[in-house]
1. Here's a check for you: in segment 1-51, which residue that is of a type in the set (Lys, Arg) and part of a helix (DSSP H, G or I) is surrounded by the fewest Cβ atoms within 10 Å (Cβ to Cβ)?
2. Residues of segment 52-81 being surrounded by fewer than 17 Cβ atoms within 10 Å (Cβ to Cβ) and in contact with a Leu (Cβ under 9 Å, 6 or more places away or on another chain), which ones?
3. Do we have Tyr84 as crowded, with 19+ Cβ neighbours inside 10 Å and either within 27 Å of Pro154 (Cβ to Cβ) or polar (S, T, N, Q) (or both) here?
4. Name the single residue, out of those in segment 102-112 being surrounded by 20 or more Cβ atoms within 10 Å (Cβ to Cβ) and out of contact with any Cys (no Cβ under 8 Å at 6 or more places or on another chain), that is nearest to Phe31 (Cα to Cα).
5. Restricting to segment 94-133, what's the tally of residues that are closer than 22 Å to Tyr45 by Cα and among the charged types (D, E, K, R)?
6. Might you check whether a residue that is closer than 24 Å to Asn265 by Cβ, among the small types (Gly, Ala, Ser) and in contact with a Pro (Cβ under 6 Å, 6 or more places away or on another chain) occurs anywhere in segment 66-76?
7. With the requirement that a residue be in a helix (DSSP H, G or I) and free of Cβ contacts under 8 Å to residues at least 24 places away in the same chain, what does segment 88-124 give you?
Amino acid sequence: MNINITDLESKAREIRYSIVKMVGPGQAGHFGGSCSLAEIIAVLYFYKMRHDPKNPGWEGRDRLILSKGHAAVAQYAALAMCGYFPAEELPGLKKLGAMLQGHPDMARTPGIEANTGSLGQGLSIACGMAAGIRLDFSKAGKAEHNMTGHSKSPISRIYCVVGDGELAEGQIWEAAMAASFYRLDNLTGILDCNRLQATGPVAERFDTNPHKEKWEAFGWKVLETDGHSIEQIISSLEQADQVKGRPVMIIAHTVKGKGIPFAENNAAFHNGIMSEEQFELACGALCGQKYT
């Protein structure tokens, strides 16, 4: 598959711009941790994952579970760009009765695989999906091989995005043990390591470091990447595909609020409210500008 880095960088900027427009001025919105995911979401939806907006329930699709469900705004932007639902739905974010709520809702929104947002639960859901798909694949693969002499379809992969503040939840580590024990090598975790949680630096609130050593101790293959480098994200995801017999955790080093000058590395905009002036500043900063 040809990789158009410039196009993916453009998609990431469009995701950030949509995040700012969806939240808008005078309304609280989780755009700090959503903007830190823009490149990761862009690579997953527009390069890496097998999925079909015209058939969201396609059995052969890869799945994305956003365990840090408060960052759903980034996922909504990508889903609209892919054509899962009309872009006209985006301004209705968090409105009563609207399709797009503050946290993902699989009953309301095409393309959402699980209801998440109660921190710590998404990785357990991802483990269950990965295990179930592997069992189904094993049965289907044997049947296909018996009929044709070979199996063609690759197994679906589960991608699960967790936050570094979220690692304080005990359920994360129960899921980490289960994934390792059951050798779920079709599960790739992505740790959005932006070093900030809702009330301040992770290291000062509930220090979840060291990340690499912990995930390795739980039996995972660990990769590290610059979470804003399209090339590095792609490389890490491709490496994860080659790992057999255990799950992979990609530690993505990111900047909370990336691309918004007043929000970068600012915990106040974990779920902040932009003034009209800040809203205009953010829109201007994101229009056509490449961030490094």
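What follows is calculated from the coordinates using simple rules that are stated; it is not laboratory data. The model shown is predicted, which means the values in this text are computed figures rather than measured ones. Reconstructed Cβ throughout: ideal geometry from the backbone, glycine too, with neighbour counts over all protein chains shown.
1. Lys21
2. Of segment 52-81, the ones surrounded by fewer than 17 Cβ atoms within 10 Å (Cβ to Cβ) are 52-55, 57-60.
The one that is surrounded by fewer than 17 Cβ atoms within 10 Å (Cβ to Cβ) and in contact with a Leu (Cβ under 9 Å, 6 or more places away or on another chain): Pro53.
3. Details: crowded, with 19+ Cβ neighbours inside 10 Å: yes; either within 27 Å of Pro154 (Cβ to Cβ) or polar (S, T, N, Q) (or both): yes.
Criteria met by Tyr84.
4. First, pick out the residues of segment 102-112 that are surrounded by 20 or more Cβ atoms within 10 Å (Cβ to Cβ): 104, 109, 111-112.
If we keep only those that are out of contact with any Cys (no Cβ under 8 Å at 6 or more places or on another chain) as well, we get 104, 109, 112.
Working: Pro104: 15, Thr109: 19, Ile112: 19 Å.
Here the residue is Pro104.
5. Of the residues in segment 94-133, 3 are closer than 22 Å to Tyr45 by Cα and among the charged types (D, E, K, R).
6. yes
7. As a first pass, look at segment 88-124 and keep what is in a helix (DSSP H, G or I): 88-92, 122-124.
Glu88, Glu89, Gly92, listed by residue number.
Yes or no, residue by residue, for (1) of a type outside the set (A, V, I, L, M); (2) over 19 Å from the mean Cα position of the chain (by Cα):
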residue: Ala80; (1), (2): no, no
residue: Glu88; (1), (2): yes, yes
residue: Leu96; (1), (2): no, yes
residue: Pro104; (1), (2): yes, no
residue: Glu113; (1), (2): yes, no
